[in-house]
Every structure is written in structure tokens, then in C-alpha cells.
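Chemist: One structure follows; several queries about it will come next.
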Amino acid sequence: MTHTVLSSATKEVVIGFDKPFVMIGERINPTGRKLLAAEMKAGDFSRVEADALAQVAAGAHMLDINAGIPLADEPALLAQAIKLVQSVTDVPLSIDSSIIEALEAGISVYEGKPLVNSVTGEEEVMERVLPFVAKHGAAVVAVSNDDTGISEDPNVRFEVAKRIIQRANDHGIPTCDVVVDPLVMPIGAMATAGQQVFTLVARLRDELGVNTTCGASNVSFGLPNRHNITGSFLSMAIGAGMTSAIMNPLHSEAKTAVMAADVLMGTDANCAAWISEYRDPNAAVGGGRARGGRRRKRE
Amino acid sequence: MPDDVNTETEEDFDDEEIDLSALNDDDLRAQMMDDLYDGLADEIAEGTNLFLSRGWGPDKVLGEVLVEGMRIVGIDFRDGILFVPEVLLSANSMKAGMAILRPLLAETGAEPIGTVVIGTVKGDIHDIGKNLVAMMMEGAGFEVFDLGINTDVDEYLEALEKHKPDILGLSALLTTTMPYMKVVIDTLSERGIRDDYIVLVGGAPLNEEFGEAIGADAYCRDAAIAASMATELITERRKAA
């Protein structure tokens, strides 16, 4: 069974088919957040800290950190954001940038084993990113596009993903440390976007046994009541074999869909997480819960 | 490889290791009731053995610790505070204690409160609710003979003959199989043995009215009610006798 183990200095998270789905908080990303971008550029990281804490409180198992601000020193900002977030939470991080120097700056200050987001199938990107991922013993997100662009054919994307995994292996990165991103397109603009992902994820699970992640919120871009679309997408993707996603755990529709999918996939043992989330807190008046004894953890 | 690392929720729990053997009898009893509530089978087995080693009789451990603990589980299940997976874990822990106590209880010849034959009726393979009832009744001090699922009238008759129970429990989860309960009860009447047993019925599609219509002694809405109803009716019957 493939297990991708990520860590901070004190905490481990495991992505795997026999594990609860891993929610990676998406909020710390200035793309489309003008205020956050301006603040980060000016050296004000208070919103980064607040977003980190809020997402972890909402159930995020990991956080994605992106500092992609135009005309800013992204490597320095990303490193600073990572140091700050690691000082206020203990969840492992995904270091997210399309600028390779920023990924390197992020990984060099990171404590633990991060998820480097991302490498593509482009020749130059692979040869620049994979060596330092290997050197730091990190895990890496493999985005299934290459020099020819993003194919609409999931079978072509499968081949791209396979090629990145092989190249990662050549650099000494084990397959369990490659998490494939099948690329999620807005369903409102491309009717096949959902089916492409489900087909690709199922093939990746069945034929390569690799973990997967994606930017889930993308799927509902431009639609009304979009968080319910994101939630249904997540449930269906989990059914097909998706094992993690970069998403917003503060959106209850998305989070509920993930938790329900964990129950239905049998990865929420004894439905414990579901029950503890949805047990009526006001119901605990008469019996055992009210007695306030010394409770112990179920194994 | 660490297990469950991404499912930990630590806020409600005590992390420190609890040494059961260091607790006095009162604290051990309270801790075991919590452990039963939390569904910790190994700890229940350990605590059961501890009490026995301290000279408690098996009937006292059963009555004052396990039955009392399951009574609380039953109340919280009835009130929607505990849910099916949790009650199954609790019942499983109860079983771990019972596995130790049962042979000792047999040795001492301690009488169970009563005897129960229970089964899901013919054509129906649902057994979660029936199993809960069986466990709750066992927890309440009954000796329970579980005939399983898809039980036809001859199997019931055979078991009644063999075990001579006080109580017969019939379970059905389908509107198509619940009429078979009437077949079983009518057969008992035909043979003139209906009044030898207290007949309890239960299952999601049933209600009080249906229980009355088919001639059962009582309809039980859930597992906790089934156990308390069984105790109540058997006490009444013995008083009347």
C-alpha cells in the first residue's frame, strides 16, 4: 500500500488509499486575493497567520503555502511565510510555486519533510526540480502536463505522469514520494473536466498505485452555489481513488463531502470522525458523556 | 509506519497512561465504566481480571461494573448521544469481559436473570439491531441464545424446546418479512405454548400497534428498551406466579 509520509518538526501526515483523505488548506495564496497580496508584499504576514490557524481549526491536515505575487521577491516571501506558518502550527506544508528558485528557497528553510508543489513533465523543469527534491528527501507533486501543454486526453496525461515518476525514480525519489496532480479544469468551461480526472485518477491508482492531489476548487469556477459542486466533485474523485486535495476546509460543503466520502470508503474507522463532528453537542446531558470521567483514546 | 496519524483529535482525551492496577476499587469501577463507554476491549478484560484477583465474585463484577456500564451506554444510545458504531465497540468490550466471567459464573451456578432466544425472521438477513439487542440483554444479565438471521418457525420451535427460555425475541427490518412474526406467534398459539414465553418484537418498520396486532407481549423501539422491557416483564411475571 502506497504511503506518502509528510512531516513538520513534530507531526506526521500520511497520504494513502487506506487512510482518511488528506485536506490541504488552499487559502494562503495571494492569487486573486488583492489584499493578501498587498500585505504580504509589504511584509505584513498577519493574514497568513490567521488563515493558517483558521484552516487548521477547520480540519486541514496540511497547508499549501503560495507567495506568487507579481513583481515581488517571491523566493524571499515564500521562505518567510513558511517560517512563520511553521512557528504557529504543526501541520506539514505544501510548498507551492511555479518559480523554481522559490521552491528551493522554501525547502531550504522548511523543518521536516514537505510536499514540493510542483514539478511538470517539461524537460527543463524536471531536471531542475527533481535533484533538490531528492537532496532534501522531500515529496513532490507531479503535474501531468509537458512541453506539448495540457492534453484533454486522460490517457496522454497518464503517460506524462508515468514519465515524471520514472524520472523521479532515476533521481532516487521513490514512487511513494510522488503525488500526481491530474489537473482539474473548470467544469463550467469544459464538460469533460470531471470525467477526465476520474478516469485518470482511477488509472493512476490501479496501474501505478500512486497518490494523487489536485486544486479541487478550480472545478466549480464561475458557477453559482459552487461549493456544492466542489463537494460532489471531491466525493466522486475520492471514489475514483483521489487521496488528497488542495481545498478550502472552511467551506462546509467541501469538508462535509470529504468526511462523508471517508465514511463510505471505510477509511474513517468506526465512523469516529464523522460521529464526533456531527454528534449534537447539546444532547450530552444525562448519561456517560456528562460524567466527565477520564476518557481514553480508542486504538 | 505510524497508524491513523491524520485522524487524531486529541482535545477530548487524556493522554497520560492510566495504570488500572494502581486504582482503588471505586476508581477502577469508574474507569472501567468509562472504558466500556469508550469501547476499549483490552482494558475491560484487564479490569475484569483485576477485580477477580481482588476477590470480587464474577456476579458482582458483572452486575456492578459491566451491566451498569452498559446501562449508561444504552441510555446514551437511546438519547442519540452514542451511535451504532460506538455501541458495537462498547458491546464488543462487554464481550471481552463476559468471555472471562462466563465460565466462572457457570461454575458458581449463579442464576441469570432469565433466558432469551432471539433471531431475525425468515427471509430477512438484517442483524445489526438484533445483535445490539442480544448484547444489551446479555449486558443486563440474561443468558442469550442467538439463532442468527433468516430463522424459520421450526428453528424457533426447536430452540424453544431446547433452551426453555423465558423470552422469545423476533426481529425484522423489512415490511415484507415482518408478517412472518405473526406466523411464529400463531404457531405457538396453535401448539398451546404461546403463554409459556414472553414474546418481544422489534425492527425499524414496526410500531406498537403492529406488535399488538400480531399478539406480541411488547414492541421494543430500540436495544436499550428491549433490555429494560425484558427485565420488567420477567419480574412482573414472576411476581404474578
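The values are calculated or read from the model by the stated rules, or taken from the named source; none is laboratory data. None of the values given here were measured: they were computed from a predicted structure. Positions of Cβ are generated from backbone atoms using ideal geometry, with glycine treated the same way; all protein chains shown enter the neighbour counts. The protein model used for the area step is the full one, side chains on, heavy atoms only, and it has no ligands, DNA or RNA in it. Shrake-Rupley method; radii C 1.70, N 1.55, O 1.52, S 1.80 Å.
Chemist: Return the residues of the range A:166-194 that are surrounded by fewer than 21 Cβ atoms within 10 Å (Cβ to Cβ) and at pLDDT 95 or above; say none if nothing qualifies.
Modeler: Passing the criteria: A:Q166, A:R167, A:N169, A:D170, A:H171, A:G172, A:P174, A:T175, A:C176, A:G194.
Chemist: Output yes when any residue across the range B:88-108 is open to solvent by 40 Å² or more (accessible area, probe 1.4 Å), of a type outside the set (D, E) and within 22 Å of B:E232 (Cα to Cα), and no when none is.
Modeler: So far as the range B:88-108 goes, no, none of its residues is open to solvent by 40 Å² or more (accessible area, probe 1.4 Å), of a type outside the set (D, E) and within 22 Å of B:E232 (Cα to Cα).
Chemist: Quick one: what pairs do we get from the range B:137-163, first residue more than 22 Å from B:Y180 (Cα to Cα), second assigned to a loop (DSSP other than H, G, I, E, B) and open to solvent by 20 Å² or more (accessible area, probe 1.4 Å), C-beta under 8 Å, 6+ apart or different chains?
Modeler: Qualifying pairs under 8 Å: B:A140/B:I113; B:G141/B:P112; B:G141/B:I113; B:F142/B:P112; B:F142/B:I113; B:E143/B:P112.
Chemist: Among the numbered criteria (1) under 30 Å from A:A168 (Cβ atoms); (2) under 15 Å from the mean Cα position of the chain (by Cα); (3) modelled with pLDDT of 95 or more, which one does A:L250 miss?
Modeler: Failing condition for A:L250: (1).
Chemist: Among the numbered criteria (1) on the phi < 0 side of the Ramachandran plot; (2) more than 14 Å from every other protein chain (Cβ to nearest Cβ); (3) touching a residue at least 40 places away in the same chain (Cβ under 8 Å), which single criterion is violated by B:E64?
Modeler: (3)
Chemist: Scan the range B:123-151 for residues that are in contact with a strand residue (DSSP E or B) (Cβ under 9 Å, 6 or more places away or on another chain), of a type outside the set (D, E, K, R) and over 13 Å from B:M94 (Cβ atoms) and jot them down.
Modeler: Matches in the range B:123-151: B:H126, B:G129, B:V133, B:F145, B:L147, B:G148, B:I149, B:N150, B:T151.
Chemist: Scan the range A:164-203 residue by residue and report those that are under 17 Å from the mean Cα position of the chain (by Cα) and within 25 Å of A:R128 (Cα to Cα).
Modeler: A:C176, A:D177, A:V178, A:V179, A:V180, A:D181, A:P182, A:L183, A:V184
Chemist: Can you report the number of residues in the range B:16-42 which are more than 7 Å from chain A (Cβ to nearest Cβ) and over 20 Å from the mean Cα position of the chain (by Cα)?
Modeler: Summing the residues that are more than 7 Å from chain A (Cβ to nearest Cβ) and over 20 Å from the mean Cα position of the chain (by Cα) in the range B:16-42 gives 13.
Chemist: I'd like to verify a number: residues in the range B:34-61 that are closer than 12 Å to B:G97 by Cα and either free of Cβ contacts under 8 Å to residues at least 12 places away in the same chain or among the aliphatic types (A, V, I, L, M) (or both), how many?
Modeler: Residues in the range B:34-61 being closer than 12 Å to B:G97 by Cα and either free of Cβ contacts under 8 Å to residues at least 12 places away in the same chain or among the aliphatic types (A, V, I, L, M) (or both): 8 in total.
Chemist: Scanning for something touching a Phe, Trp or Tyr at 6+ places or on another chain (Cβ under 8 Å) and within 30 Å of B:I44 (Cβ to Cβ), does the range B:207-216 turn up at least one residue?
Modeler: No: the range B:207-216 contains no residue that is touching a Phe, Trp or Tyr at 6+ places or on another chain (Cβ under 8 Å) and within 30 Å of B:I44 (Cβ to Cβ).
Chemist: Pick from the range A:1-21 the residues that are touching an Asp or Glu at 6+ places or on another chain (Cβ under 7 Å) and more than 18 Å from A:V56 (Cα to Cα): which of them is farthest from the other protein chains (Cβ to nearest Cβ)?
Modeler: Ranking the candidates gives A:T4 first.
Chemist: Follow-up question, since we're still on this one. Looking only at the range B:217-232, count how many residues are outside any loop (DSSP other than H, G, I, E, B) and surrounded by 15 or more Cβ atoms within 10 Å (Cβ to Cβ).
Modeler: The qualifying residues number 11.
Chemist: Of the residues in the range A:195-247, how many are aromatic (F, W, Y) and either buried (at least 18 other Cβ atoms within 10 Å of the Cβ) or touching a Ser or Thr at 6+ places or on another chain (Cβ under 8 Å) (or both)?
Modeler: 2
Chemist: What about A:T256, is it open to solvent by 20 Å² or more (accessible area, probe 1.4 Å), more than 9 Å from chain B (Cβ to nearest Cβ) and either modelled with pLDDT of 95 or more or not in a loop (DSSP other than H, G, I, E, B) (or both)?
Modeler: Here the answer is yes, as A:T256 does meet what is asked.
Chemist: Can I ask one more? Quick one: B:G69 ticks every box in (1) buried (at least 17 other Cβ atoms within 10 Å of the Cβ); (2) of a type outside the set (V, I, T); (3) outside any helix (DSSP H, G or I); (4) within 12 Å of another protein chain (Cβ to nearest Cβ) bar one, so which box is it?
Modeler: Unmet for B:G69, out of (1) buried (at least 17 other Cβ atoms within 10 Å of the Cβ); (2) of a type outside the set (V, I, T); (3) outside any helix (DSSP H, G or I); (4) within 12 Å of another protein chain (Cβ to nearest Cβ): (3).
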